Amino acid sequence: MKNDFNLRFHKLKDRILDSERAAGVVPEKVTLIAASKTQSVEKIEHAAEVGITHFGENYLQESIPKIQALRHLDLCWHFIGALQSNKTDSIAEHFTWVHTIDRFKIARRLSEQRPQHAAELNVLIQVNIDNESQKAGVSVQDLPALAKKITVLPNLKLRGLMVLPKPRAHKLEQQEIFQQVANCHKQLASEIGEHFDSLSMGMSNDLEAAIWAGATHIRIGSDLFGPRA
Ligand SMILES: *Cc1c(COP(=O)(O)O)cnc(C)c1O
């Protein structure tokens, strides 16, 4: 088990380094977020042993016991799942980043519920770049207005954008869609300021294209932990 993980991790690291090189990005600049949904505490511990410190979770109920069990490791937890407004308090308490903001109501609740002693919660706005009706995310048209409203909230720090495009088979198509998101990001960054510095995009199948287009955070599940049960 551990050997399989280590093999996958080293293959993944090489892919990331090659992509950074090809994109002219400083090596190890891109943050690897291990998408650890359905993975056990033991598997996450093992990932931490090889040096992974960022983990992404989708399901709140599943994530809280894992976060608590791993408190001694000083890991950085990213919420990357669907947001429901009746569960924001727990997210505001336990996570350092939230990638999936797509409406003001949720952002306002997270700001109100962020514990007083905690640093500002880092948030990303999810963009529904393919206008898929079943998918979360704000449209490109509505993005600037939502971003401006969120920047006013006291306990959140708007750090950038997140995207989950529909799968595309060809790298050129993947690059094109990620580039569209990167352009949105660039336009907003000039208005919002220099802390608007993050682009969460790229998964197991398209991380090369995402890094090419300027991803700062990639979210990798299956190519790291193996296929999900
Ligand atoms: C599961 C998940 C990932 C990782 O996907 P893989 O294809 O397993 O690498 C990335 N982002 C989100 C939002 C996810 O839910």
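Before moving on, here are some points about what is shown:
- Yes/no for residue 65 being more than 14 Å from the ligand (Cβ to nearest atom), touching an Asp or Glu at 6+ places or on another chain (Cβ under 8 Å) and open to solvent by 10 Å² or more (accessible area, probe 1.4 Å): no
- Top-ranked residue in the stretch 169-195 [being in contact (Cβ under 8 Å) with a residue 40 or more places away in the chain and crowded, with 18+ Cβ neighbours inside 10 Å; ranked as farthest from residue 218 (Cα to Cα)]: 192
- If only residues of the stretch 1-22 that are of a type in the set (A, V, I, L, M) and within 21 Å of the chain's Cα centre (by Cα) are counted, the one that is surrounded by the most Cβ atoms within 10 Å (Cβ to Cβ) is 16.
- Against the numbered list (1) touching a His at 6+ places or on another chain (Cβ under 7 Å); (2) open to solvent by 10 Å² or more (accessible area, probe 1.4 Å); (3) within 12 Å of residue 58 (Cα to Cα), residue 76 comes up short only at (3).
- Within the stretch 178-220, the set of residues being within 15 Å of the ligand (Cβ to nearest atom), part of a helix (DSSP H, G or I) and not small (Gly, Ala, Ser) comprises 178, 181, 207, 208, 211.
- Only one of the numbered conditions (1) within 13 Å of the ligand (Cβ to nearest atom); (2) surrounded by fewer than 23 Cβ atoms within 10 Å (Cβ to Cβ); (3) not in a helix (DSSP H, G or I) is not met by residue 223, and that is (3).
- Odd one out for residue 148 among (1) part of a loop (DSSP other than H, G, I, E, B); (2) closer than 23 Å to residue 83 by Cβ: (1)
- A single member of 133, 85, 90 is away from the ligand (no atom under 16 Å from the Cβ), of a type outside the set (Lys, Arg) and out of contact with any helix residue (DSSP H, G or I) (no Cβ under 7 Å at 6 or more places or on another chain), and it is 133.
- Unique match (being open to solvent by 20 Å² or more (accessible area, probe 1.4 Å) and under 17 Å from residue 202 (Cβ atoms)) among 41, 25, 50, 30: 25
- Among the residues of the stretch 129-149, those that are buried (at least 20 other Cβ atoms within 10 Å of the Cβ) and out of contact with any Cys (no Cβ under 9 Å at 6 or more places or on another chain) comprise 137, 138, 147.
- Residue in the stretch 144-154 that is away from the ligand (no atom under 16 Å from the Cβ), in contact (Cβ under 8 Å) with a residue 40 or more places away in the chain, of a type outside the set (Val, Ile, Thr) and touching a Ser or Thr at 6+ places or on another chain (Cβ under 7 Å) present: yes
- Residues being without any contact (Cβ under 8 Å) to a residue 24 or more places away in the chain and open to solvent by 60 Å² or more (accessible area, probe 1.4 Å) - total across the stretch 94-123: 4
- Against the conditions (1) open to solvent by 70 Å² or more (accessible area, probe 1.4 Å); (2) touching a His at 6+ places or on another chain (Cβ under 6 Å), residue 162 satisfies every one except (1).
The values are calculated or read from the model by the stated rules, or taken from the named source; none is laboratory data. Only a predicted model underlies this, so the values are computations on that prediction, with no experimental measurement involved. FYI the Cβ positions are ideal-geometry reconstructions off the backbone, even for glycines, and counts take in every protein chain you see. Note: areas computed on protein heavy atoms with side chains; ligands, DNA, RNA excluded. Shrake-Rupley method; radii C 1.70, N 1.55, O 1.52, S 1.80 Å.
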